[in-house]
Structures are given as C-alpha cells and as structure tokens.
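**Q** I have a structure I would like to understand better, so I am pasting it below and will then ask my questions one at a time.
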Amino acid sequence: MASSKFYRLGHDLQLISESTTWAEYLKFHPDAKVGFACSENTVYFTLIQPSLGHRGVVRYAQSAEDMIELAELALIEMNGIEVL
C-alpha cells in the first residue's frame, strides 16, 4: 500500500472513531467492527456485525463518510435518531 493511501486510511479510521454518529450506532450495535480491504487503487471500508448473525462483511463503503452515512441510515431506520 502506498504511503499516501496508508495516511488516508489512518485519517479515515480516525474520522470514523471520532464520529458522534458512529458512537451512537455502537450503543445499539456494540460488537460492530469496521475493517478495510484494499484493491489496487481503492480502500474499501467493511462493516462486520456478529450480533446480526453476520460473521463476514455486511456492507462496503468507499470512504469514511460513506461508512458514517451507513450508520446514520441504520439509526434512522430503527428510530434511534431524529433528523430535523
């Protein structure tokens, strides 16, 4: 992995870990894990959730923002947050 891709990955993982949306999502799904997979030009974020019976990847996201958006949509669907 090129060093610029490595730094982007570190930045994106930090963005996810510091997100209030992600923190709220983890309240409902404490065993959810974010991982990553790397292709030649792209880093994909992966969501793994054993509590839902998924031992492998549940969703892919192209960026940290996409992963946070997935968490937000899941919270909206379960009425965990209100969108004004």
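Read the figures in this text as sums done on the coordinates, not as results from a lab. Owing to the predicted nature of the structure, the values given are computational and were not obtained by experimental measurement. Don't worry about glycine lacking a Cβ; one is built from the backbone with ideal geometry, like all the others, and counts go over all protein chains shown.
**Q** Put a dot 7 Å past each Cα toward the Cβ at Tyr7 and Met78; how far apart are the dots in nm?
**A** In this crude spin-label approximation the distance works out to 3.7 nm.
**Q** I want to check the label-to-label distance for Gln62 and Ser17. Put each point 7 Å from Cα in the C-beta direction and report it in nm to one decimal.
**A** 2.6
**Q** Oh, and also: Hey, if you drop one equal point scatterer on each alpha-carbon of the range 3-77 and run the Debye formula without solvent, what base-10 log of I(q)/I(0) do you get at q = 0.16, 0.20, 0.28 Å⁻¹?
**A** The Debye formula, applied to the Cα set alone, gives -0.54, -0.83, -1.43.
**Q** Let me ask something additional. What is the packing order of peptides 61-68, 37-44, 15-22, 26-33, taking the mean over residues of other C-beta atoms within 10 Å and listing the highest first?
**A** 61-68, 15-22, 26-33, 37-44
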